[in-house]
Amino acid sequence: DRSLDYSSSQVSPEILKASGKTREQFLVDQQLRSFTYTEEMLKQCEGIPSGAQKEAARWLKEAAEGGDTYARLAYYYYLDLIVGDQQEQATSPEKIQKFNEDSFRYIKSVADASNADGLFTLGTAYERGIITPKDPIRAYAYKKAAGELMPINRNDQILYFMAQSMTPNEIKMANQLASSLTQRSKE
């Protein structure tokens, strides 16, 4: 029943035109679809045995430690699975620190192998500043390098919006780093 703030949400003008809706209508519909999807997923999870999550966390960690690329990329998105719910997270700062260190190490190893998904995910990590300090130059560079190695949907638009909050010198530095990252992949 409370109003939602969509002031920072970006919607492509082409998508809005095709939908025939106002920006606010489009965003509300998108939010409702998201809520519906979440409700459906929660219903599907009701029958999961209590120990299954801990077992899944163990397997994910084991696969990531074993060098599985997908597990290393996925690990970053499963804080709740690895550390626990928000209550447990609030009382376990050492577990969160370990999770952040492991997440960064896993993603960095995939990015260092010139994997476009790894580069893009590491760029996202630098952009968000959760598992590593925020670094807009590295965020831009890693996402740009990823886009140069593999087509990424809307990457040019993502880079454009990122550049809006950067100085010309920061963009220059980011482009140089991106170039060195893509050059490394060619060696």
- Query: For P136, which of the numbered conditions (1) touching a Pro at 6+ places or on another chain (Cβ under 9 Å); (2) open to solvent by 40 Å² or more (accessible area, probe 1.4 Å) fails to hold?
  - Reply: (1)
- Message: If the requirement is being of a type in the set (D, E) and either farther than 29 Å from G123 by Cβ or not in a helix (DSSP H, G or I) (or both), which of these qualifies: E14, E39?
- Response: E39
- Item | Single residue of S109, S114 found to be touching a residue at least 24 places away in the same chain (Cβ under 8 Å) and outside any helix (DSSP H, G or I) | S114
- Query: Looking at segment 139-176, which of its residues are open to solvent by less than 80 Å² (accessible area, probe 1.4 Å), part of a loop (DSSP other than H, G, I, E, B) and not β-branched (V, I, T)?
  - Reply: M150, M166
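Yes/no matrix, rows are residues, columns are (1) open to solvent by less than 80 Å² (accessible area, probe 1.4 Å); (2) in contact (Cβ under 8 Å) with a residue 24 or more places away in the chain; (3) assigned to a helix (DSSP H, G or I); (4) at positive phi:
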{"site": "A56", "(1), (2), (3), (4)": "yes, yes, yes, no"}
{"site": "L60", "(1), (2), (3), (4)": "yes, no, yes, no"}
{"site": "A63", "(1), (2), (3), (4)": "yes, no, yes, no"}
{"site": "L73", "(1), (2), (3), (4)": "yes, yes, yes, no"}
{"site": "E94", "(1), (2), (3), (4)": "no, no, yes, no"}
{"site": "D102", "(1), (2), (3), (4)": "yes, yes, yes, no"}
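Yes/no per residue for (1) at pLDDT 95 or above; (2) closer than 20 Å to Q183 by Cβ; (3) touching a strand residue (DSSP E or B) at 6+ places or on another chain (Cβ under 8 Å):
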residue: R72; (1), (2), (3): yes, no, no
residue: Y76; (1), (2), (3): no, no, no
residue: K95; (1), (2), (3): no, no, no
residue: E101; (1), (2), (3): yes, no, no
residue: Y106; (1), (2), (3): yes, no, no
residue: S114; (1), (2), (3): no, yes, no
residue: P151; (1), (2), (3): no, yes, no
- Task: Quickly run through segment 75-92 and pick out the residues that are in a helix (DSSP H, G or I) and either over 18 Å from Q53 (Cα atoms) or open to solvent by 70 Å² or more (accessible area, probe 1.4 Å) (or both).
- Result: D80, Q86, Q87, A90
- Flagged pairs (Cβ under 9 angstrom, 6 or more apart or on separate chains; first in segment 25-52, open to solvent by less than 70 Å² (accessible area, probe 1.4 Å); second assigned to a helix (DSSP H, G or I) and among the hydrophobic types (A, V, I, L, M, F, W, C)) are F26/I15; F26/L16
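The values are calculated or read from the model by the stated rules, or taken from the named source; none is laboratory data. Note that the structure is a prediction, hence the values are computed from the model and not measured. Please note: Cβ atoms are built from the backbone with ideal geometry, for glycine as well, and neighbour counts cover all protein chains shown. Just the protein is used for accessible areas: all its heavy atoms, side chains included, with ligands, DNA and RNA removed. Shrake-Rupley method; radii C 1.70, N 1.55, O 1.52, S 1.80 Å.
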